[in-house]
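Read through the structure below, which is laid out as structure tokens, and then see the notes.
Nothing in this text is a laboratory measurement; each read-out follows from the coordinates by a stated rule. Computed from a prediction, not measured in an experiment: that's the story for all the values here. Backbone-built Cβ (ideal geometry, glycine too); neighbour counts: all protein chains shown.
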Amino acid sequence: MKAIELNHPLIEHKLGIMRDKKTGTKEFRELAGEIAMFLCYEAMKDAKADEVEIETPIEKTTVQRLNEDNYAFIPILRAGMGMSDGIINIIPNAKIGVIGLYRNEETLEPVRYYYKVPKDIKNREVILLDPMLATGGSAVDAIKMIKEDGVKKIKFLCLVAAPEGIKKLEETYPDVQIYCAKIDKHLNDIGYIVPGLGDAGDRIFGIK
């Protein structure tokens with residue numbers, strides 16, 4: 001499945017502010033959550049809703065209701081947490097898991113240190129959250145862990161993706177659909193996305 005890039009003037013505008021190195025922590029964090037809402041909206045276009053009968057002030061009618069127990073949203077620590085607020089804003093009862101990974105700065109390989117997901121994870125569609133898809137190492141490792149728990153349907157949401165990361169993820173797990181706000185140029189020699197956002201985790205949490 002080919003990566004889906006959201007081409008929209010509002011997203012370009014918000015990403016443009018995030019890219020600016022002068023943008024502060026508060027604004028950067030808020031924008032990450034806002035773009036995550038757009039990504040979630042696109043990723044859940046195929047969501048199946050249940051028909052529920054309610055009574056409006058005028059009459060009884062049938063409406064569509066999302067069964068939130070069918071989904072789990074899992075941010076990859078630490079930067080992925082910056083996207084979770086946006087998800088909760090539109091799905092208040094969302095079940096949130098956590099996967100802790102960090103990148104070894106010498107090997108660029110992911111190192112896992114925490115894993116906590118809903119007990120019935122295998123019965124849910126999982127939507128992974130990580131602002132950056134750079135080398136693809138963290139994404140591949142997180143997906144491997146989730147698949148080992150029996151999950152069948154996984155989607156990956158990111159703000160910015162490098163072609164190298166997309167290629168690695170598509171080759172390793174072709175059944176995982178990628179949604180990104182923007183596909184950037186390439187990785188530099190230390191594995192950062194160009195032009196990118198810098199270190200998204202540092203900028204979201206104000207640690208530089």
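General remarks:
- Diffusion coefficient, µm² s⁻¹, Stokes-Einstein with Kirkwood Rh over alpha-carbon pairs of the chain at 10 °C and 1.306 mPa s: 90
- Within-12-Å neighbourhood charge of LYS153 [Cβ basis; K, R +1; D, E -1]: +3
- Candidate cross-link partners of LYS22 among the aspartates and glutamates, defined by an alpha-carbon separation under 16 Å and a same-chain spacing of 8 or more, comprise GLU30, ASP199, ASP202.
- Counted charge near GLY100, where neighbours are those whose Cβ lies closer than 14 Å (Asp, Glu -1; Lys, Arg +1): +2
- When the GluC sites (Glu not before Pro) in the range 24-88 are filtered for DSSP coil states and for at most 12 other beta-carbon atoms within 10 Å of their beta-carbon, the remaining sites are GLU59.
- Taking a Cβ cut-off of under 10 Å around THR61, the surrounding Lys, Arg, Asp and Glu residues balance to a net charge of -2, with basic ones at +1 and acidic ones at -1.
- The orientation-averaged projected area of the convex hull spanned by the Cα atoms of the range 15-103 comes to 8.2 nm².
- Options GLY206, ASN188, GLY165, ranked by Cα towards positive dipole end of the range 160-208, top entry (Cβ charges): GLY206
- Separation in nanometres of the label points that stand 7 Å from Cα toward Cβ, at ASP149 and VAL52: 2.5
- Looking at the range 96-204, the GluC sites (Glu not before Pro) that sit in a DSSP loop and have at most 10 other Cβ atoms within 10 Å of their own Cβ are GLU105, GLU106.
- Sites listed here are trypsin sites (Lys or Arg not before Pro) in the range 83-187 whose DSSP assignment is loop and whose Cβ has at most 15 other Cβ atoms within 10 Å: LYS119, LYS152, LYS153, LYS185.
- The range 129-200 and the range 56-71 have Cα centres spaced 34 Å apart.
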